Amino acid sequence: MHDFTVLLLDGAYASSVCATLDILAAAHRLAPRLGVVPPKWKTLCFVDRPVVLQGGLSIAARTCAGGSRADRSVWIVPGLGVSTADDLQRRLAAPDARSAAATLKRHVALGGGVAASCSSVFLLHQAGLLDGRRVTTSWWLAPALRRLAPLARIDADRMVCADGPIVTAGAAFAQTDLMLHLLRTHGGHDLANVVSRFLLIHGRAAQAPFVIPEVLAGGDELVARVAAEIERSLPTPPSVAELASRLHLSERTLARHVTRATGKTTLALIQSVRLRRARTLLASSRMSIDQVAAEVGYQDATALRRMMRRALGMNPSELRAAQARA
């Protein structure tokens, strides 16, 4: 009996697929040292040939029969290797993606679990598995997922969300966070921790440190103008009312537009721009924490520390040290 089934689709992120298999292989080698049963897994696909991943790497997998037999393993779907909503829609219309969605739907109906990261979360939507559930995806695809899956609770600030049999993760390299979560759930904290140490990876809670406000807007011209206006105004960030006035909009209209494009409130977008500027200054200058705080509109470093701790899970000194090590 297998613990995990890795579902491979043409064009998937090679890094996402390889990270999945490497983490499982490491867990299999290390589990006996902890007295833990090593995980077992299989790889499946929907084509009668090796699957061609992004970048041209090929990998062999057993062809999925798509039967209705109950399977207690967790099915893992690495990211699909697309970066825009238009490309994603075309990819989901392909025969193998439609077959995968139907198979995943049947698997969950029979009591199985599924886990997906990045754009493959949209495959779970196509399978009808997201309604009413708290899920995440790549932060720049979150607005598109909100439009397609209005009944799902999209929490794009989270790196990993687990809701019942559905586990979702953020962008392609969040596959490592997803796998550590699955190992922790199925093999225990000790196994996940030792794999993390051996492979030098660690679970991250939030995507917030990686968000670029203009990209989050998904090409929305108005929101890009809003972000640029906030950036130009620093170190005196505008209020929501001031922003609306400068753009000749009501606060309600501005808020509705920003939320539709980014999933964030206007105030949260302002904070995101300030956070990005603070992170840039911490990484690229020798300014003191107080000076950085002043440059992004805080009266003292205490407010900046509080904001960064809430958004990133670390204070400015810790972030600067982490960036220096990177």
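The values are calculated or read from the model by the stated rules, or taken from the named source; none is laboratory data. This is a predicted model, so every value here is computed, not measured. Every residue, glycine as well, gets a Cβ built from its backbone with ideal geometry; the counts of neighbours run over all protein chains shown. These accessible areas exclude ligands, DNA and RNA; they are computed on the full protein's heavy atoms, side chains included. Shrake-Rupley method; radii C 1.70, N 1.55, O 1.52, S 1.80 Å.
A compact table of results
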| item | result |
| --- | --- |
| Test result for ILE76, in contact (Cβ under 8 Å) with a residue 40 or more places away in the chain, surrounded by fewer than 20 Cβ atoms within 10 Å (Cβ to Cβ) and not small (Gly, Ala, Ser) | no |
| Failed criterion for ASP22 (all others in (1) outside any strand (DSSP E or B); (2) open to solvent by less than 40 Å² (accessible area, probe 1.4 Å); (3) of a type outside the set (Ser, Thr, Tyr) hold) | (2) |
| Any chance GLY188 is on the phi > 0 side of the Ramachandran plot and at pLDDT below 95 | yes |
| Unmet requirement for PRO235, which otherwise passes all of (1) exposed (fewer than 14 other Cβ atoms within 10 Å of the Cβ); (2) on the phi > 0 side of the Ramachandran plot | (2) |
| Cβ-Cβ under 8 Å pairs, at least 6 apart or on other chains, segment 236-253 side closer than 15 Å to GLN271 by Cβ, far side hydroxyl-bearing (Ser, Thr, Tyr) and surrounded by 16 or more Cβ atoms within 10 Å (Cβ to Cβ) | VAL240/THR266; LEU243/THR266 |
| Some residue of segment 113-133 being at pLDDT below 95 and among the aliphatic types (A, V, I, L, M) | no |
| Test set (1) in contact with a helix residue (DSSP H, G or I) (Cβ under 7 Å, 6 or more places away or on another chain); (2) under 20 Å from ALA116 (Cβ atoms) - SER73 fails condition number | (1) |
| Number of positions in segment 301-316 that are more than 18 Å from LEU267 (Cβ to Cβ) and open to solvent by less than 70 Å² (accessible area, probe 1.4 Å) | 5 |
| Unmet requirement for GLY55, which otherwise passes all of (1) farther than 24 Å from ARG184 by Cα; (2) in a helix (DSSP H, G or I); (3) open to solvent by 30 Å² or more (accessible area, probe 1.4 Å); (4) in contact (Cβ under 8 Å) with a residue 12 or more places away in the chain | (2) |
| Tally of residues being touching a helix residue (DSSP H, G or I) at 6+ places or on another chain (Cβ under 9 Å) and open to solvent by 50 Å² or more (accessible area, probe 1.4 Å) across segment 272-283 | 4 |
| Spans of helices (runs of 4 or more DSSP H) in segment 271-326 with at least 3 residues farther than 14 Å from PRO235 by Cα and at pLDDT 85 or above | 301-312 |
